[in-house]
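The values are calculated or read from the model by the stated rules, or taken from the named source; none is laboratory data. Worth saying up front: this structure is predicted, and the values here are computed from it rather than measured. With ideal geometry, Cβ positions are generated from the backbone for all residues, glycine too; neighbour counts draw on all protein chains shown. Ligands, DNA and RNA are excluded from the accessible area calculation, which covers all protein heavy atoms including side chains. Shrake-Rupley method; radii C 1.70, N 1.55, O 1.52, S 1.80 Å.
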Amino acid sequence: MPVTKQFHPGKESLLVLWKITETCEDLMQATNLKPEEQTKLNSFKSEARKKEFLVSRLLVQKFTGPEVTISHNEDGKPFLENSDWHISISHTKNIVGILLDKQPHIALDIEYLSNRVEKVAKRFLTEEELNYISPSQKIVHLYQHWCAKECLIKLLGKKDLHLTRELKILPFQPDASEFQGQIHRGNSPLNYRFHHLQFDDYLMVWCCEAPTS
């Protein structure tokens, strides 16, 4: 089983990464799909999307149990049936990651590092956030912000959050071991702590602890 990385970011959490090198046929033979999951798989036209779907199921079955399946709530947030684990899933360019924890405040986002982030930076960062971006590590620093804001959306479980008005990343240096982000919705902001890891041409950001207010 080609698990690229596996570690425990918290007391009861597990983060696992899989680098996809297999064919769809190989992955299908290794995965036990329910009829509804097979129907979902067949609905994907992209071969890459099929592989991501299969690998996420494979990882869940291996690390939580063969009877556990991934479902989604009305907002599209994934959860596990037949399990007391909570899950966050991310995939990008042949990498699939899952974060498992016994408490619900978890989020994971993985991105492939490329220059394209510079073209869209103003769409997800405020002027204040842009002013703190490191000139010498610009691409990584931008993706740290991007991944963290994706995590904030997953943490709240709502897709209608405004990227600049309701989501904020507090100033930090790109080589800091951790940094903080906030959701501004309601009477007081929710503060989350993030960790990050750069490997090969990828950046990963995650959170696995309850917010403070």
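Rounded to the nearest 500 deg cm²/dmol, what is the calculated helix-only ellipticity per residue at 222 nm for the chain, with -39500 (n - 2.57) per DSSP H run of length n ≥ 4?
Here the helix-only value at 222 nm equals -9500 deg cm²/dmol.
Please list, or write none, the aspartates and glutamates whose alpha carbon is within less than 12 Å of the alpha carbon of K102, excluding same-chain residues fewer than 8 places away.
Answer for K102, where 12 Å is the Cα cut-off: E12, D84, E209, listed by chain and number.
In nm, what is the difference between 0.36 nm times the number of residues separating F79 and S114 and their Cα-Cα distance?
That works out to 9.6 nm of additional length.
Quick check: net charge around N191, other residues with Cβ under 11 Å of its Cβ, Lys/Arg +1 and Asp/Glu -1?
Counting the neighbours of N191, the net charge comes to +1.
Cross-link candidates for K40: which lysines have Cα within less than 25 Å, leaving aside residues fewer than 8 places away along the same chain?
Output for K40: K19, K50, K51, K62, K77, K93, K154, K158, K159.
Please identify, among Y192, Y132, Y112, the residue showing maximal mean-square fluctuation in a Gaussian network model of the chain using a 10 angstrom Cα cutoff.
Y132
Write down the accessible area per residue of region 1-104 in Å², having rolled a 1.4 Å probe over the full set of protein chains.
The answer is 53 Å² per residue.
Using every Cα-Cα pair within the chain, state what percent have a distance larger than 27 Å.
The share of Cα pairs beyond 27 Å in the chain comes to 32 percent.
Give the Cα extents of region 59-139 along the principal axes, in whole Å, largest first.
48, 25, 20
Consider a paramagnetic label point 7 Å from the Cα of D200 along Cα→Cβ; state which residues of region 140-173 have an amide N under 14 Å from it.
Within reach of a label on D200, which here means backbone N under 14 Å from a point 7 Å along Cα→Cβ, region 140-173 contributes nothing.
Would you rank R49, R165, R116 by solvent-accessible area, highest first, keeping every protein chain in place and using a 1.4 Å probe?
R165, R116, R49
Using 7 Å Cα-to-Cβ label points, what is the Q103/E127 separation (nm, one decimal)?
3.8
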